[in-house]
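The values are calculated or read from the model by the stated rules, or taken from the named source; none is laboratory data. Bear in mind the structure is a predicted one, so any value in this text is a computation, not a measurement. Because the Cβ atoms are built from the backbone with ideal geometry, glycine has one as well, and the counts that use them run over all protein chains shown. SASA here: full protein model, heavy atoms, side chains in, ligands and nucleic acids out. Shrake-Rupley method; radii C 1.70, N 1.55, O 1.52, S 1.80 Å.
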Amino acid sequence: MKNVQKGFTLIELVVVIVILGILAATALPKFVDLSGDARKSVIKGVAGSMASANAMIYAKAQAAGTLGDSTTPATMTIGGVSGVTIEYGFANSAASLAKVMDLNPANDFDTTVDPDIRLAKAPTPASCKVAYTKAAAGGAPTYVITDSGC
């Protein structure tokens, strides 16, 4: 009578465990700390939100005919938020722009260091930010992302 094998041998199980261990050891560092990538994505999202909010501000200022300029900035109520100061149709500071944006939760962001909006919980908030440069006559504002400290 022939002996029929049922199941795996000990050697086969050990080999499979070793292979799984090697795969886990090579893949694990990629997935251990994704928080830096997440913070970089948040800062890029903030820059997009800044541009979008400024487009909304410009449209409302253009429709109202109150674009303002550097010598006489205009003040408007936008989206239920009063006291938004604009120059040439755009927000004149990052703090003014942040009033209109939905930064949620608000304590994750530092809007007190003009012209930046910083990620307050980043390892180095000064290097995890979006710097806002207000519009000049006939120009548009700029947004510079710094994510080296995220």
Quick check on this structure: which one of T142, T75, T111 is in contact with a strand residue (DSSP E or B) (Cβ under 8 Å, 6 or more places away or on another chain), polar (S, T, N, Q) and crowded, with 18+ Cβ neighbours inside 10 Å?
T111
Starting from the stretch 107-121, keep only residues that are within 15 Å of G45 (Cβ to Cβ), then list their pairs with residues that are open to solvent by 30 Å² or more (accessible area, probe 1.4 Å) and hydroxyl-bearing (S, T, Y) whose Cβ atoms are within a distance under 7 Å, requiring at least 6 positions of separation or different chains.
I117/T111
Residue count, the stretch 86-99, condition part of a helix (DSSP H, G or I) and open to solvent by 30 Å² or more (accessible area, probe 1.4 Å), comes to 2
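If we keep just the residues of the stretch 1-53 that are outside any helix (DSSP H, G or I) and among the aliphatic types (A, V, I, L, M), which is most open to solvent (accessible area, probe 1.4 Å)?
Step one: filter the stretch 1-53 for residues outside any helix (DSSP H, G or I), giving 1-9, 33-34.
From the residues that got through so far, the ones that are among the aliphatic types (A, V, I, L, M) too are 1, 4, 34.
Values: M1: 235, V4: 106, L34: 83 Å².
Across the stretch 1-53, the extreme among qualifying residues is M1.
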Pairs under 6 Å by beta carbon, first residue touching a residue at least 40 places away in the same chain (Cβ under 8 Å) in the stretch 129-142, partner open to solvent by 60 Å² or more (accessible area, probe 1.4 Å) and among the basic types (K, R), six or more apart or different chains?
P141/K134
Checked against (1) open to solvent by less than 40 Å² (accessible area, probe 1.4 Å); (2) part of a loop (DSSP other than H, G, I, E, B); (3) within 14 Å of V130 (Cα to Cα), G68 satisfies every condition except (3)
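Looking for whichever is touching a residue at least 12 places away in the same chain (Cβ under 8 Å) and not polar (S, T, N, Q) here; the options are P29, P73. Which one fits? Please lay out each step first, then the result.
Values: P29 fails: touching a residue at least 12 places away in the same chain (Cβ under 8 Å).
Exactly one of P29, P73 is touching a residue at least 12 places away in the same chain (Cβ under 8 Å) and not polar (S, T, N, Q), namely P73.
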